[in-house]
1. So who's got an amide H within less than 5 Å of the one on VAL191, skipping anything under 5 residues away but keeping other chains? H placed 1.01 Å off N, in plane.
2. At 7 Å along the Cα-to-beta-carbon direction for both ARG199 and ASP94, put a label point, then send me their distance in nm to one decimal.
3. Once phi is turned into θ = phi - 60°, what whole-Hz ³J(HN,Hα) does the Karplus curve with 6.51, -1.76 and 1.60 give for every residue of segment 180-187, x standing for Gly and Pro?
4. Give me the distance in nm between label points sitting 7 Å out from Cα along the Cα-to-Cβ direction at GLU206 and LYS220, one decimal.
5. If each residue's Cβ is checked for other Cβ atoms within 10 Å, how do SER83, SER165 rank with the fewest at the top?
6. Around TYR37, with a cut-off of 10 angstrom between Cβ atoms, what is the net charge of the other residues, counting Lys and Arg +1 and Asp and Glu -1?
7. Which cross-chain or sequence-distant (5 or more) residues have an amide H under 5 Å from the amide H of GLY259, H modelled 1.01 Å from N in plane?
8. Longer than 24 Å from Cα to Cα, which of LYS221/LYS249; LYS32/LYS60; LYS157/LYS220 are they? Say none if no pair is.
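Throughout, read-outs are computed from the coordinates displayed, never taken from laboratory work. Predicted, not measured: the structure shown is a model, and the values here were computed from it. All Cβ positions, glycine included, derive from the backbone under ideal geometry; neighbour counts span all protein chains shown.
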Amino acid sequence: MFEKILIATDLSGASESVVNCGGAFRQLGVEKAFLCYALGLKHLEELKYQMTPLVEPRLKKQKRALAENGLETEIIIAPGIPSIEINRIAEEKDVSLIIIGAHGESLASHLLFKFGRVASEVLHSHKKPLLLVRTEVTEEKDRETCVKVSCTDFRRKILYATDFSDNSHRAFLYMEEIVRRGCKNVTLIHVQDRVRIERHLEHKLEEFNKIDAERLEMLKKKLAEIGAENVLVKIPYGNPSSEILNELKKSNYTLAVLGSQGRGFIKEVFLGSVSHNIVRNASVSVLLVPALR
């Protein structure tokens, strides 16, 4: 499920740290990596051959870092706009996962990429599962230094968030695979949306909790059967984004797993989905599994 990945790099210090997560990627079952750097030369493909020698040495250094962790790696230097090239190459190479690094307090304003809204555009258009690896970066004398990267072991403790949509079910298949790869500690969370319930359905909250607790217990049983040892079930009542972010702050999670669109897809596209809010504000790495299109 995670055999082939595309790692998008901008050659910054932080992206080098993401490349150094090769060992953590191997733990998920990754065997081959496509290391992708996009020049951002819209309609100027001929300049690719002039600029390639300037970036190749650093890309080869990142390739060696991945190779040291047992990953077969192919460098791809694309001429076009990063977000478009990332999605195009991911489809062309049929990768299992796109990996992008991000740092700072808010992904919305502190994305690794220097080409504008790259990660945001990938976030809204990706057709492949997307892993955003959280890093903490300091800047000294106009040079980025990555001081922390959250990829020691993605499997150590995971929060899986679901709204029981078809896409959440698809994300659960990836959660199952990570458990098969050695994850022992999982929290399953479903948030009862206060805005949708309190006006007309609050009298049914107890009934909803009972039904959803049974659903989560079924998921818990599946994970236990394939190797998870400590699976917690939580059903808070409130704002889904806030409750999930609060849970991520409470415990030392290493990864959040969720679908990138759930119920109310059209509404979420315009107002900002729960999953996108989590990505922008979570303090840990996030694996987003997109809806089938």
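1. When sequence neighbours closer than 5 places are left aside, the close amide H contacts are THR162.
2. It works out to 4.7 nm between the two label points.
3. Whole-Hz 3J(HN,Hα) from phi for segment 180-187: 4, 7, x, 5, 10, 10, 9, 10.
4. With each label point 7 Å from Cα toward Cβ, the separation is 2.1 nm.
5. SER165, SER83
6. Spelling it out: positives minus negatives among the neighbours equals -2.
7. So GLY259 has HN proximity to VAL289.
8. Values: LYS221/LYS249 26 Å; LYS32/LYS60 15 Å; LYS157/LYS220 14 Å.
The pairs that break the limit, which is 24 Å between Cα atoms, are LYS221/LYS249.
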